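Below is one structure, written out as C-alpha cells; the observations come after it.
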Amino acid sequence: MALYDGGDVVIFRQFIDPETSTHTYLLADESTREAVLIDPVLEQFERDRTLLHELDMTLRYTLETHVHADHVTAAALFRKKEGSDVGVSAAAGVEAADLEFNDGDVIRFGSTTLEACSTPGHTNGCVTYVCRDQGMAFTGDALLIRGCGRTDFQQGDAALLFESVRNKIFALPDETLLFPAHDYKGRMVTSVAEEKRCNPRLGLDKSKADFVAIMGQLNLAYPKKIDVAVAANLKCGLLAVPSPKPTPQPSKPEANSVASVMETQGRQDAENWLGMGI
C-alpha cells in the first residue's frame with residue numbers, strides 16, 4: 001500500500017505474528033527508500049528483512065511502542081544485520097538503545113516524519129507514533145481496537161492510561177487511523193472517532209472512575225512469556241541474559257476453562273476470547 005497526501009508518497013505495510021497476534025508496521029519514503037519498522041518480532045526477522053531487500057529499502061530505525069511482555073523484539077538483530085538504530089521511549093529503561101524519545105520528538109526517514117507521543121499507563125515507556133501528514137497513529141498497547149493494554153504489571157497505572165488516551169490519542173483528528181500493537185480477532189485498523197464512540201473501556205461515555213474500576217476487576221492470567229520477553233527487551237532483544245527465576249504462578253485454572261485454553265495457546269490472558277481485548 002502506498003499513501004499519498006499531495007506531497008511525498010509513503011509506502012506502508014502491516015504484518016502479524018500469528019503466535020502472539022502482534023502487529024509489525026513498515027513505513028518507507030518512496031523516493032529515498034528509507035524505512036522504519038515499528039514493533040518487529042524476533043521470530044519474523046527473516047520475513048521482514050526479505051521484504052526490505054525485495055523493495056530495495058534501507059532500514060533506518062526499529063521503533064518500539066513499549067517494552068513488550070509477550071514477545072522478544074527483533075531490534076538488536078536488525079541493528080546487527082542491517083545497521084539500523086533502535087528507538088525507544090526515554091522512560092522505558094532500555095539498555096543500549098540508540099535513540100531515546102521524549103514527548104514530541106520527531107523521527108525522520110527521507111522526507112517523512114513520525115512524532116513520538118508519550119502515552120504511559122500500560123507501561124511507563126509507552127509511545128504512540130503519529131504520522132500527521134498521513135493521518136495515522138501507531139498506538140502500541142495504550143489503545144487497542146475496542147480495548148486497551150492491561151495495567152496490572154510493568155508500572156501499569158489505569159488512571160494514567162486514561163489520561164494518556166483521552167488527552168493524547170483522542171486529541172488527534174477524528175479521522176486519524178489508529179494501528180494497535182495487537183489484535184486477537186483479525187481486525188487491522190480503527191479510528192479516533194470509532195474508539196471514542198465504541199470502545200467499551202475508554203469511550204467518551206466512560207469516566208476515569210469507570211475505567212479504573214473496569215481495569216481493577218479484570219483478574220487476568222499471568223502472561224506466559226513475560227519473564228523471558230521483558231528481560232530480553234530491556235536489552236533491545238538480546239537473548240544473552242540470565243534466565244529469570246520463575247515467578248509464582250496463580251492457582252491452576254479448571255480444565256477447559258477459558259484461562260486454561262489461553263494458557264495452552266500462549267496468549268497473554270483469557271479476556272480477549274470474551275471480546276474485551278488485553
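The values are calculated or read from the model by the stated rules, or taken from the named source; none is laboratory data. As the structure is a prediction and not an experimental result, all values here were calculated from the model. Here the Cβ positions follow ideal geometry from the backbone for every residue, glycine too, while neighbour counts run over all protein chains shown. Surface accessibility is based on the protein's heavy atoms, side chains included, excluding ligands, DNA and RNA. Shrake-Rupley method; radii C 1.70, N 1.55, O 1.52, S 1.80 Å.
Report the net charge of residues surrounding residue 161, where surrounding means a beta-carbon distance below 14 angstrom and charges are Lys +1, Arg +1, Asp -1, Glu -1. Kindly include the intermediate steps, with their values, before the conclusion.
Numbers: positive: 150, 166, 168, 201, 206, 208; negative: 141, 152, 157, 163, 195, 210.
Result for the local shell: 0.
Within 10 Å, count the other beta carbons around each residue, average over each peptide in 13-26, 72-85, and list them highest first. Numbers along the way, then the final one.
On the way: 13-26: 17.9, 72-85: 20.6.
Output ranking for 13-26, 72-85: 72-85, 13-26.
Counting only C-alpha contacts under 8 Å and six or more residues apart, can you give the relative contact order of the range 1-150 as a whole percent?
Relative contact order here is 17 percent.
Compute the signed sum of charges (Lys and Arg +1, Asp and Glu -1) over the other residues within less than 12 Å, Cβ to Cβ, of residue 65.
Numbers: positive: none; negative: 39, 64, 141.
That sum, taken over residues with Cβ under 12 Å, equals -3.
Please list, in order along the range 142-158, the HN-Hα scalar couplings obtained from phi with the Karplus expression 6.51 cos²θ - 1.76 cosθ + 1.60 (θ = phi - 60°), rounded to whole Hz, x for Gly and Pro.
4, 9, 9, 6, 6, x, 6, x, 6, 10, 9, 7, 6, 6, x, 8, 4
Considering only protein heavy atoms and a probe of 1.4 Å, how much of the accessible area of the range 100-252 is carbon and sulfur, as a whole percent? Mind showing how you got there, number by number?
Working: 3650 of 6820 Å².
Looking at the range 100-252 in its full context, I get 54 percent from C and S.
Taking the Cα atoms of the range 148-189 alone, what are Rg (to one decimal) and Dmax (as a whole number) in Å?
Cα radius of gyration and Dmax of the range 148-189 are 12.1, 32 Å respectively.
Using a 1.4 Å probe, what is the accessible area per residue for the range 1-117, in Å²? It would help to have the intermediate numbers written out before the result.
Details: 4620 Å² over 117 residues.
Heavy-atom accessible area per residue stands at 40 Å².
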